[in-house]
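One structure below.
The values are calculated or read from the model by the stated rules, or taken from the named source; none is laboratory data. Keep in mind that what you see is a predicted model, and the values were worked out from it rather than measured. When we count neighbours, we look across all protein chains shown, and the Cβ atoms used for this are built from the backbone with ideal geometry, even at glycine. Note: areas computed on protein heavy atoms with side chains; ligands, DNA, RNA excluded. Shrake-Rupley method; radii C 1.70, N 1.55, O 1.52, S 1.80 Å.
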Amino acid sequence: MNKPIYVTQPAMPPLNEFIIYLQKIWESKIITNNGPFHQQFEKELADYFGVKYISVFSNGTLALVTALQALRITGEVITTPFSFVATTHSLWWNNIKPVFVDIDPEHFNLDPEKIEAAITPQTTALMPVHVFGNPCKIDAVQRIADTYGLKVIYDAAHAFGVKINDNSVLNYGDLSVMSFHATKVFNTIEGGAIICHDEKMKKRIDFLKNFGFADEVTVVAPGINAKMNELQAAYGLLQLKHIDNCIDKRKLIADTYRQQLKDIPGIRFHSDMKGVRHTYSYFPIFIDAEQYGSTRDQVYENLKIHNIYGRRYFYPLISNFPTYRGLHSAKPENLPTATKIAGQVICLPIYPDLNIENVHEICNLLKK
Ligand code: T4K
């Protein structure tokens, strides 16, 4: 490959269309603090997803931190080690002890069958992740939460536009948190959101992301500054007009990978789940070194030699990082599936502007 191909490339709205929005911002001089584009963006996003309330944020990590504050979560929270570090960091920033539980062997989300054994009197919530956009076993998770009186906060950073039987995956749990980072299906450069189901909660979240201000002179909580600015909100509004086209292009790329890689012994990947609308945020493959004849790291290095930069998301496991590895629940023997999958995974390039010819070339390299 002459030019490097990275795991992703942001979809950006047409510049000439964005300029019209910028002109409005320059005229109004409202550039942040719940301005008109921010309000319109929240409304249009809620309509797009089919959810009741959404509060947009400056990034997904601060949205996770704030979601935990909004529900006043304390003590211990059960979560997955197979995610981006921000999932667990958000607990740490709230002085909450993360408790890692292994992932299910099919879709690599927090395994509901293993959750109950990790519950203690200190457990207050579950924080599963819809990793790579594949929905968690939401019914089983909710049953456990209801039985033990726990809250559920989904990290839905990878699940933009994902639906189960035509219902947004964001409608499940107490709160869902999204990331609109440059590397995501839908981006506002940096950005994020919390989705909730009632007006009071939306109000509380809005206070929390604005220093705790309920009005000009009343501070109701030790809030933070996590507001999205008007330029990002305008960019997001414009992006929303083009997103379905971007998702269609991603689907074509995913289908091409699946078609090309389906008969290679030792390479495994996910199919679409029944009744689920996928949006193809990532295209992870899993290498069984014995069957395939090379290790995941050899594949990763070989692609690099050819100017293709796949990424080993999510290796190392969060539970292996120095900050967390001392925790009892972080022991690899407690997390056999996650440990295995972290050693097999490589995410192949997928983004709307990726040429199908390049996808074929990547597949040909993997066929050798
Ligand atoms: N929860 C989950 C499950 C998450 O996956 C994430 C974020 C979060 C929470 C937190 O949300 P945020 O606070 O980020 O909103 C990236 C992203 O920084 C991170 O947002 C994302 N997950 C994570 C999975 O990936 P890196 O360090 O791997 O990104 P980076 O900079 O190496 O980018 C990957 C490739 O993308 C580059 O090689 C080239 C391309 N790229 C990247 C950027 C930033 C571009 O072409 N243009 C760009 O502007 O972490």
Residue list for segment 16-30, filter: among the basic types (Lys, Arg) and either surrounded by 15 or more Cβ atoms within 10 Å (Cβ to Cβ) or touching a Phe, Trp or Tyr at 6+ places or on another chain (Cβ under 9 Å) (or both): LYS24
Segment 205-223, subset within 23 Å of the chain's Cα centre (by Cα) and in a helix (DSSP H, G or I), residue farthest from GLU44 (Cα to Cα): LEU208
Residues satisfying the stated conditions in segment 106-155, i.e. of a type in the set (Ser, Thr, Tyr), surrounded by fewer than 22 Cβ atoms within 10 Å (Cβ to Cβ) and under 16 Å from GLU76 (Cα atoms): THR120, THR123, THR124, TYR148
Inter-residue pairs, beta-carbon under 6 Å, first on the phi < 0 side of the Ramachandran plot and in segment 14-25, second surrounded by 11 or more Cβ atoms within 10 Å (Cβ to Cβ), 6+ apart: GLU17/LEU238; PHE18/LEU238; TYR21/ALA234; ILE25/GLU230
Strands (runs of 3 or more DSSP E) contained in segment 266-361 and holding at least 1 residues over 19 Å from LYS184 (Cα atoms) and open to solvent by 70 Å² or more (accessible area, probe 1.4 Å): 267-269
Extreme residue, nearest to the ligand (Cβ to nearest atom), among residues of segment 183-197 that are within 15 Å of TYR280 (Cα to Cα) and open to solvent by 20 Å² or more (accessible area, probe 1.4 Å): THR183
Residue in segment 71-83 that is within 25 Å of GLY161 (Cα to Cα), more than 18 Å from the chain's Cα centre (by Cα) and open to solvent by 10 Å² or more (accessible area, probe 1.4 Å) present: yes
Residue list for segment 224-248, restricted to those being farther than 30 Å from GLU106 by Cα, open to solvent by less than 30 Å² (accessible area, probe 1.4 Å) and part of a helix (DSSP H, G or I): GLU230, GLN232, ALA233, ALA234, TYR235, GLY236, LEU237, LEU238, GLN239, LEU240
Set PRO13, PRO4: member being modelled with pLDDT under 95 and touching a Phe, Trp or Tyr at 6+ places or on another chain (Cβ under 7 Å): PRO13
Count of residues meeting criterion [more than 16 Å from the ligand (Cβ to nearest atom) and open to solvent by 40 Å² or more (accessible area, probe 1.4 Å)] in segment 31-66: 14
Any pair with Cβ under 8 angstrom, 6 or more apart, that starts in segment 304-330 at a residue that is more than 16 Å from the ligand (Cβ to nearest atom) and ends at one that is open to solvent by 80 Å² or more (accessible area, probe 1.4 Å) and among the basic types (Lys, Arg): LEU327/LYS97
Verdict on ALA221 being surrounded by fewer than 20 Cβ atoms within 10 Å (Cβ to Cβ), in contact (Cβ under 8 Å) with a residue 60 or more places away in the chain, hydrophobic (A, V, I, L, M, F, W, C) and under 15 Å from ALA67 (Cβ atoms): yes
Residues of segment 249-263 that turn out to be open to solvent by less than 60 Å² (accessible area, probe 1.4 Å) and touching a Cys at 6+ places or on another chain (Cβ under 9 Å), as a count: 4
Residue in segment 111-131 that is over 30 Å from GLU230 (Cα atoms), assigned to a loop (DSSP other than H, G, I, E, B), under 14 Å from the mean Cα position of the chain (by Cα) and within 13 Å of the ligand (Cβ to nearest atom) present: yes
Residue within segment 266-276 that is more than 17 Å from SER83 (Cα to Cα) and in contact with a Leu (Cβ under 6 Å, 6 or more places away or on another chain) present: yes
Filter result for the condition that a residue is over 20 Å from ILE96 (Cβ atoms) and in contact with a Lys or Arg (Cβ under 7 Å, 6 or more places away or on another chain), over ASN165, ASN229, ASN210: ASN210
